[in-house]
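Have a look at the structure below before the remarks.
The values are calculated or read from the model by the stated rules, or taken from the named source; none is laboratory data. Owing to the predicted nature of the structure, the values given are computational and were not obtained by experimental measurement. Cβ atoms come from the backbone with ideal geometry, glycine included; neighbour counts cover every protein chain shown. For accessibility, only protein heavy atoms count, side chains too; no ligands or nucleic acids. Shrake-Rupley method; radii C 1.70, N 1.55, O 1.52, S 1.80 Å.
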Amino acid sequence: MALLQFRAPVSYEDHQLAFEEFLRTFKTAPAASITHALGDMNIDEDDLSDEYDFMDEDDQQGENARRLARSQAKVPKLRYLELLQKVADRYEDEITIDLDDVAQFDRSLDENDTPMKLVESIETNAKHYLDVMSKAVDKIMPSPTRELNYKDDVLDVLMSQRTARNNALMRAADETTDPTDEPELFPAELTRRYTLNFKPRTRSVEPLKALAVRQVRGEHLGHLITVRGITTRVSDVKPTVEVNAYTCDRCGCEIFQPVGSKTFGPLVECPSQDCKTNQTKGQLHHSTRASKFQPFQEVKIQEMAEQVPVGHIPRMLTILCHGALVRRINPGDIVDVAGIFLPTPYTGFKAIRAGLLTDTYLEAQHVIQHKKAYEDMETDNKISKRIEQYQATGHLYEYLAKSIAPEIYGHLDVKKALLLLLVGGVTKVMGDGMRIRGDINICLMGDPGVAKSQLLKYITKVAPRGVYTTGRGSSGVGLTAAVMKDPVTDEMILEGGALVLADNGICCIDEFDKMDDSDRTAIHEVMEQQTISISKAGISTTLNARTSILAAANPLYGRYNPRISPVENINLPAALLSRFDVLFLILDTPSRDTDALLARHVTYVHMNNKHPDTEGVVFSPAEVRQYIAKARTFRPVVPTAVSEYMVKAYVKMREQQSRDERNKKQFSHTSPRTLLGVLRLSQALARLRFSETVVQDDVDEALRLIEASKESLYQDQDGYKKDMSPSSRIYNMVRALAESGQCRPADADEEDDDETLGMELSMKKVEDRVIAKGFTKDQWQTAIMEYTNLDIWQTAANGTRLLFIVSEAAHMARDAEFEME
């Protein structure tokens with residue numbers, strides 16, 4: 001049955017001519033485009049340009065050069081014609097056509113009463129318009145201005161020779177009068193040294209939103225769409241054939257076969273005119289060197305957790321990346337992929353089993369990373385200026401800590417520790433290859449309902465690479481790596497688990513105490529050596545897992561039992577506990593004032609869908625990420641004086657542990673790993689100050705955080721409720737600083753290293769620590785007066801020293817108490 005031919009709704013020849021005009025004439029101002037990219041900011045404001053920051057020219061010549069550069073920046077430039085010139089000169093190999101520019105060109109055509117609807121045509125038939133745009137690019141491609149030399153690649157030499165031969169044949173064909181004599185040209189794919197891609201529109205009448213995988217329908221076939229998801233699997237980069245080349249053994253002709261689909265049938269007989277005339281049917285031999293290949297990578301993306309309806313499992317979509325788009329996506333990345341949604345038939349044995357079914361895939365055109373790695377982030381001047389404005393106040397550490405999960409009430413010390421977890425210490429590699437980790441590991445152990453899981457979720461959202469998993473829903477293999485068969489090559493490959501996906505990021509493990517012991521031991525190597533060693537299915541290798549572990553767990557029997565020791569409540573093996581730099585014990589103890597404040601906070605969040613206004617400022621997750629990215633560029637070192645101070649503090653911590661063991665109040669074992677943990681926390685605090693040197697205050701704050709992790713344990717002990725007035729809380733804090741040997745005066749006597757160590761404190765250092773905890777100066781002065789009147793302490797050296805009054809009888813009573821216990 002013969003059917004009528006369906007005429008194309010548009011004239012592709014007219015559209016190609018319009019594209020040629022677009023590439024030849026489209027202009028854009030570089031300053032305007034950069035301003036739009038950075039949020040409508042003028043970079044050359046106040047005549048300060050980064051290009052001349054390093055120049056100190058005050059003469060007239062330098063001023064003229066700056067004025068000339070600024071005037072040239074404001075002159076509109078031929079954007080795509082300059083890009084094509086760079087491609088012709090072999091400086092670039094990727095051409096990205098921005099559909100926003102095509103839409104602007106479309107509007108100019110509408111004003112001239114020649115509407116063509118180029119953007120709508122591209123978005124609904126993107127695969128064909130790639131060929132149309134490529135032909136337009138080939139027509140407009142300028143001649144190279146850079147000569148070939150010995151440094152150029154062999155493929156560039158081949159392409160230039162092929163292009164020159166095509167041009168010579170075209171000129172010869174123009175000179176001949178025989179219309180049937182068509183030149184035998186190389187295929188266009190062989191002479192192109194670029195990859196052409198479309199970038200989707202960002203500005204439209206209707207709001208453009210990325211689709212979820214389950215929202216992609218049959219109506220999108222052939223269209224240019226954008227899909228959002230998380231990357232679960234990325235294959236190796238392999239070459240895929242674009243043009244197959246053969247050589248005839250009879251006539252010697254080169255035969256080229258463009259390959260435009262997933263499968264093709266190789267040519268066997270020579271189709272050249274010589275073999276047809278002589279009727280020789282020469283055999284064709286494949287020529288790999290003359291063929292053209294391009295990089296190919298297969299990516300699997302999965303729906304985001306918030307896109308999956310209740311009771312459904314996440315759906316997956318296959319994405320094929322070609323050319324310049326390979327190696328742009330890594331496992332665990334959250335991406336928006338713009339591409340052409342296309343069907344593909346099953347091949348091989350799958351075709352027999354599938355029958356009439358057809359698979360679908362997305363041919364990638366443009367990739368947008370949602371959370372870039374810290375080193376890949378671009379500095380936003382607007383955010384940098386806002387952060388510098390608050391940095392001058394000296395309270396940025398407090399503001400950043402309060403900006404972590406502001407909807408959650410309290411837990412300021414926990415949030416400070418989580419901020420340091422995001423910043424991290426400095427990873428060091430010794431000369432012999434020994435590696436000392438800089439990532440900080442934290443465990444939150446607490447009663448139910450203290451918002452541990454919400455804190456973990458927030459950290460996963462803020463970190464550029466964060467993976468959230470639960471203890472009961474994860475196996476040892478799921479955390480480390482599994483051996484499975486590659487669906488493309490049928491080889492045995494390793495599929496990375498949660499810890500591998502979180503490489504250079506943070507892995508949050510909830511319900512840590514519910515994990516099986518055999519699965520939990522898989523984390524031991526990751527937490528210290530930061531590698532995963534695999535020996536299974538004939539594969540012996542070591543995978544990188546340079547990740548920080550943030551774990552949340554409940555005590556034994558669900559809630560903390562004050563009748564048994566802290567070690568029995570925690571119920572985790574000592575080998576695992578020692579690998580955590582900070583172990584926070586968060587108890588839910590009833591208190592009338594605290595409970596009322598907490599209830600008001602929770603009800604406010606539910607009524608207004610936002611956190612209550614607090615003193616200072618609350619930064620957005622993007623601003624926190626930007627600050628941390630800048631802080632991680634510093635590598636602070638520890639001076640000798642701070643090192644000695646750290647050694648003395650560590651010795652005091654070991655002595656405190658021996659006393660706690662005698663009192664049966666041991667919280668955790670103090671080991672050399674504890675000293676390394678203090679060192680990492682101190683380096684993270686120095687990074688927060690944008691400093692290259694660790695100071696004594698950093699060590700004091702690190703030691704205070706470790707002490708604060710046990711604070712809730714001692715809030716309600718000895719059978720009576722402690723006084724929680726501001727003066728009492730300030731006294732307990734200063735007493736803890738004194739006993740830990742912190743905040744000592746710079747000229748303190750170093751020889752007296754026994755009982756009086758820490759009893760004489762620097763008033764200024766203690767005041768800074770008290771105010772940093774949120775107390776006011778009036779409360780601090782009131783506490784000094786109250787406890788001076790009680791003969792607990794006294795001020796000395798014109799109010800610059802705070803001296804504890806400890807009688808000899810008190811020393812003897814305390815020693816006797818230790819001996820009795």
note = From the cross-link list LYS514/LYS536; LYS416/LYS765; LYS610/LYS710; LYS452/LYS710; LYS648/LYS764; LYS127/LYS199, the entries with a Cα-Cα span beyond 23 Å are LYS514/LYS536; LYS610/LYS710
remark   = Output ordering of 304-313, 269-278, 602-611, 194-203 (per-residue mean of other Cβ within 10 Å, highest first) is 194-203, 269-278, 602-611, 304-313
task = Loop only per DSSP, at most 13 neighbouring Cβ atoms within 10 Å: give me the chymotrypsin sites (Phe, Trp or Tyr not before Pro) in segment 80-164, ordered by residue number.
result = TYR91, TYR150
task = Would you mind pulling out the separation of the Cα centroids of segment 501-547 and segment 291-328, in Å?
result = 25 Å
query = Quick one: how many Å² of PHE775 are accessible to a 1.4 Å probe, rounded to 10?
reply = 20 Å²
task = Can you sort THR145, THR263, THR547, THR531 by 1.4 Å-probe accessible area, starting with the largest?
result = THR145, THR263, THR531, THR547
inquiry  = Testing the spin-label approximation: label points 7 Å from Cα along Cα→Cβ at VAL483 and LEU185. State their distance in nm.
reply    = 5.4 nm
query = So for the pair THR542, MET492, with labels modelled 7 Å out along Cα→Cβ, what separation do we get in nm?
reply = 2.2 nm
Sum of side-chain charges, ALA482 neighbourhood, beta-carbon under 12 Å (Lys, Arg +1; Asp, Glu -1) = +2
task = Mind checking the full-extension length gain between GLU644 and THR195? Use 0.36 nm per residue of separation minus the Cα-Cα distance, one decimal, nm.
result = 155.7 nm
task = Report the extension gain between GLN273 and VAL10 in nm, rounded to one decimal, defined as 0.36 nm multiplied by the number of residues separating them, less their alpha carbon distance.
result = 91.1 nm
remark   = So ARG600 and LYS777, fully extended at 0.36 nm per residue minus their Cα-Cα distance, gain in nm 61.1 nm
ask   = Put +1 on the Cβ of each Lys and Arg and -1 on the Cβ of each Asp and Glu in segment 202-286; which of VAL241, HIS223, SER272 then has its Cα farthest toward the positive end of the dipole?
value = HIS223
Accessible area of SER643 in the full protein assembly, 1.4 Å probe (Å², nearest 10) = 50 Å²
message = If I model a spin label at ARG165 and HIS285 as a point 7 Å from the Cα along the Cα→Cβ vector, what separation in nanometres do I get?
response = 1.8 nm
inquiry  = Heavy atoms only, 1.4 Å probe, whole protein assembly: order SER540, SER709, SER384 by accessible area, highest first.
reply    = SER540, SER384, SER709
remark   = Judged on accessible area alone, 1.4 Å probe, highest first, GLU398, GLU692 line up as GLU692, GLU398
